[in-house]
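Chemist: Got a structure for you, written out below as structure tokens; questions coming shortly.
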Amino acid sequence: MWNPFDPDAPIFDVIQQYSIPKPLIFLLFVFLSYLIGRYTPDILEYFLIQTLPKNGKDISANFIHPLAQPFRITGILILISLSTVWLEDNRALYRFTRFFVILALIVSIAWLTSRLFRQLVRIYGIPIIRKYGMEVDETFLVFETIANVLIGFTAVVAFAQSQQLPLGALLAGVSVSGVAIAFAAQRTLEQLLGTIVLRLDRPFVRGEYIRLPKRGDDLDGIYGRVESIGLRSTKIRLAAKGTLAIIPNSTLMQLDIENISRGKKVMVLLYLDFPQSLDDREEALVEQAIKDCTDSIFGIDPGSTQIALFAYKETGNTRARVTFFILGSSENAISLRKSLLASTNQTLTNKLKRFGLQYTMQEPNIYVESPVTI
């Protein structure tokens with residue numbers, strides 16, 4: 001297969017006649033890779049539309065446009081990795097440069113794969129789960145974390161193979177050394193493991209207010225602001241007292257932590273326009289259908305749904321204003337509930353269509369954050 005980056009290609013005979021140093025040619029191709037790689041999303045979109053005329057635009061809108069930057073970086077690094085063939089004559093420079101180029105390329109591919117998996121889950125996974133009547137909650141985010149771990153492990157294996165590292169011997173050596181270290185420093189490893197769990201699970205970050213349960217002689221528990229999260233312990237500035245509590249991370253890993261700062265809710269405001277004037281029966285059907293759909297979404301504040309109907313005599317249409325609150329403890333949880341709300345729109349449409357009612361929803365929906373007062 002013809003490779004335009006191959007120094008033996010006929011197109012570069014003229015370049016070689018002028019005895020241009022190959023490292024300089026490599027830098028030239030790095031610059032060209034940057035110029036061409038910037039258009040990777042546009043190139044992919046063009047081929048998708050040409051090969052899949054029916055679904056190409058939807059796939060591009062759902063996957064390429066939101067992830068344009070990861071695609072762009074990956075495209076640039078792929079072209080740069082192909083350009084390293086110009087350094088093969090200088091083996092030391094070639095190995096040094098290719099090591100970092102391949103490392104950056106594998107990291108970018110892993111990052112792109114992770115983002116693509118997240119988009120796939122949010123766009124197609126959630127509707128499929130709801131279709132079979134299963135509940136979607138925060139545990140859904142755990143599967144994303146597991147997938148990211150698997151993607152990271154695959155990236156490490158791919159990098160080790162690309163550098164011809166003895167992966168089997170390396171894993172065996174790490175396992176034996178790990179067992180020896182575990183016996184020698186069990187207490188320290190337990191604290192470090194607690195730190196890793198806190199970093200991955202992120203029940204709190206620096207600057208947030210948390211409350212810990214009662215322990216032993218501590219009758220009031222601990223309530224304060226997180227000052228820092230170290231390798232072995234976390235420092236909490238106690239409210240009112242102003243003293244500093246230092247708690248091992250291994251202990252925090254086993255406690256029920258109440259994060260006060262993340263206790264927030266988001267008000268959602270929707271507008272549904274009906275092309276006709278609704279009678280009392282139709283208004284009751286609309287209110288009931290909206291309440292049934294919003295109450296079925298996990299994370300909606302129970303009883304917070306309010307519906308107001310406005311009839312416009314001049315135009316003969318009716319507008320329904322729907323307000324309710326989404327509860328969540330993190331940005332990912334709020335984002336997940338917003339995705340659920342978007343997929344519920346089709347369910348509401350099908351319900352009202354059975355009663356001969358059609359509507360259009362005004363975009364975009366209005367989200368107003370309302371943090372809990374500390």
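The values are calculated or read from the model by the stated rules, or taken from the named source; none is laboratory data. This is a predicted model, so every value here is computed, not measured. All Cβ positions, glycine included, derive from the backbone under ideal geometry; neighbour counts span all protein chains shown. In case anyone asks, the SASA skips ligands and DNA or RNA and just uses the protein heavy atoms, side chains included. Shrake-Rupley method; radii C 1.70, N 1.55, O 1.52, S 1.80 Å.
Chemist: Using 7 Å Cα-to-Cβ label points, what is the residue 243/residue 164 separation (nm, one decimal)?
Modeler: Once both label points are built, they end up 6.3 nm from each other.
Chemist: Mind checking the range 50-122 for trypsin sites (Lys or Arg not before Pro) that DSSP puts in a loop (not H, G, I, E or B) and that have at most 14 other Cβ atoms within 10 Å?
Modeler: Details: sites: 54, 57, 72, 91, 95, 98, 115, 118, 122; in loops: 54.
Taking the range 50-122 and a limit of 14 other Cβ atoms within 10 Å, the loop trypsin sites (Lys or Arg not before Pro) found are 54.
Chemist: For residue 43 and residue 20, FRET efficiency with R0 = 45 Å and r from the beta-carbon atoms, rounded to 0.05? Don't skip to the end; give the middle numbers.
Modeler: On the way: r = 28 Å, r/R0 = 0.63.
Plugging the Cβ-Cβ distance into 1/(1 + (r/R0)^6) gives 0.95.
Chemist: Given a 1.4 Å probe and heavy atoms of the protein chains only, how would you sort 47, 29, largest accessible area at the top?
Modeler: Details: 47 120, 29 20 Å².
Most to least solvent-accessible, the answer reads 47, 29.
Chemist: Report the gain in length on full extension from residue 103 to residue 192: 0.36 nm times residue separation, minus Cα-Cα distance, nm rounded to one decimal.
Modeler: Numbers: separation 89, 0.36 × 89 = 32.04 nm, distance 2.70 nm.
Value of the extension gain: 29.3 nm.
Chemist: Rounded to the nearest 0.05, what FRET efficiency do residue 120 and residue 88 give with R0 = 51 Å and r taken as the Cβ-Cβ distance? Could you check? It would help to have the intermediate numbers written out before the result.
Modeler: On the way: r = 38 Å, r/R0 = 0.75.
Rounded to the nearest 0.05, the efficiency is 0.85.
Chemist: Filter 265/351; 54/291; 265/313; 291/353 down to the pairs with a C-alpha to C-alpha distance above 24 Å, please.
Modeler: Numbers: 265/351 28 Å; 54/291 35 Å; 265/313 36 Å; 291/353 16 Å.
Flagged as over cut-off: 265/351; 54/291; 265/313.
Chemist: Could you please report the charge total around residue 278, scoring K, R as +1 and D, E as -1 over all other residues with beta-carbon less than 11 angstrom from its beta-carbon?
Modeler: On the way: positive: 281, 319; negative: 279, 280, 282, 283, 287.
So the environment of residue 278 carries a net charge of -3.
Chemist: Taking R0 as 45 Å, what FRET efficiency do you get between residue 54 and residue 199 from their Cβ-Cβ distance, rounded to the nearest 0.05? Kindly include the intermediate steps, with their values, before the conclusion.
Modeler: Values: r = 44 Å, r/R0 = 0.99.
Efficiency at R0 = 45 Å is approximately 0.50.
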